[in-house]
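Quick notes on the structure that follows.
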Amino acid sequence: MCYCAVFMCFLTLQSYKKRGIIIILKAVWFVNTKPQGEIMNKIRLGIIGCGNMGAQHLGSFDALKDVLKVTVTCDLSSERAERTKEVLNADEFATDYTKILDKVDAVLVALPHTLHYPVGKFFIENGKHVLMEKPLCNNEKECLDLTRLAEEYNVKLMTAYPVRFLPEVVKLKEYMDSGLIGEVYQMTAYTDH
């Protein structure tokens with residue numbers, strides 16, 4: 001008997017540009033495994049939204065080829081979906097995300113913010129793991145509902161927010177937790193990317 005495919009964080013290796021350098025971020029994957037821990041098969045990923053935000057992730061997929069296969073790309077623009085399919089060597093492209101359920105274990109949702117909730121809800125209710133581009137949803141009620149649904153359907157839901165894994169941010173958190181920089185009561189961050 002196989003365990004369910006579960007992913008805690010979308011990217012095992014994610015390129016992140018900051019001040020002209022590429023920082024490799026690491027995260028955690030749990031893939032389909034046998035009880036003895038043998039890897040059975042790759043996670044079948046669908047890319048939902050092939051516009052500007054979806055394109056931000058394109059460079060990361062090659063580093064994940066041992067654990068992940070982009071099986072389908074989806075966008076309202078068939079030209080964008082097909083172009084992304086070609087770039088990622090995906091199996092196929094689609095213009096209707098409701099028609100790809102049998103082709104994916106998980107999805108990356110990179111759509112306009114107003115679509116995050118209904119699209120995320122659709123995939124969660126159909127037993128698919130969801131990585132949602134920022135923000136998770138447009139309001140607290142929608143965020144709480146998606147979180148509740150993910151627990152109910154026993155799938156993983158995560159917001160694509162890799163900044164917390166940057167070495168600088170990890171080190172700052174260590175300083176804060178240790179008390180080295182005193183009590184922090186306000187913090188502001190600015191990036192120029």
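Observations on the structure shown:
- The phi-based Karplus calculation (6.51 cos²θ - 1.76 cosθ + 1.60; θ = phi - 60°) puts the 3J(HN,Hα) values of region 120-125 at x, 4, 4, 5, 4, 5 Hz, whole numbers, x for Gly and Pro.
- For Thr84, solvent-accessible area (1.4 Å; no DNA, RNA or ligand), Å²: 10 Å²
- Placed amide H near Val107: partners under 5 Å, 5+ positions off or other chain: Gly46, His129, Val130, Leu131
- Long-range HN-HN contacts of Val70 with modeled amide H, under 5 Å: Leu45
- Length gained on full extension, Leu166 to Thr147, computed as 0.36 nm times the residue gap minus the Cα-Cα distance: 4.3 nm.
- Using a cut-off of 24 Å between Cα atoms, the listed pairs Lys121/Lys171; Lys128/Lys173; Lys65/Lys103; Lys42/Lys156; Lys42/Lys141; Lys99/Lys141 include Lys121/Lys171; Lys128/Lys173; Lys42/Lys141; Lys99/Lys141 as exceeding that distance.
- For region 62-193, the alpha-carbon radius of gyration amounts to 1.29 times the rule-of-thumb value 2.2 N^0.38 Å expected for a compact globular protein.
- Per residue, region 57-112 exposes 50 Å² of accessible surface when a 1.4 Å probe is rolled over the protein heavy atoms with every protein chain present.
- For region 61-124, the share of accessible area belonging to carbon and sulfur comes to 50 percent (1.4 Å probe, ligands and nucleic acids excluded).
- Cα-based equivalent ellipsoid, region 76-135: semi-axes from gyration tensor eigenvalues, Å: 19, 14, 10
- Using the Karplus relation 6.51 cos²θ - 1.76 cosθ + 1.60 with θ = phi - 60°, the per-residue 3J(HN,Hα) values for region 41-52 come to 7, 7, 6, 8, 10, x, 9, 9, x, 10, x, 4 Hz, with x marking Gly and Pro.
- Inter-label distance for Tyr185 and Asn89, nm, one decimal - labels placed 7 Å from Cα along Cα-to-Cβ: 5.6 nm
The values are calculated or read from the model by the stated rules, or taken from the named source; none is laboratory data. The model shown is predicted, which means the values in this text are computed figures rather than measured ones. For neighbour counting, all protein chains shown are included, and Cβ atoms are generated from backbone atoms with ideal geometry for every residue, glycine included. With ligands, DNA and RNA removed, areas are computed over all heavy atoms of the protein, side chains included. Shrake-Rupley method; radii C 1.70, N 1.55, O 1.52, S 1.80 Å.
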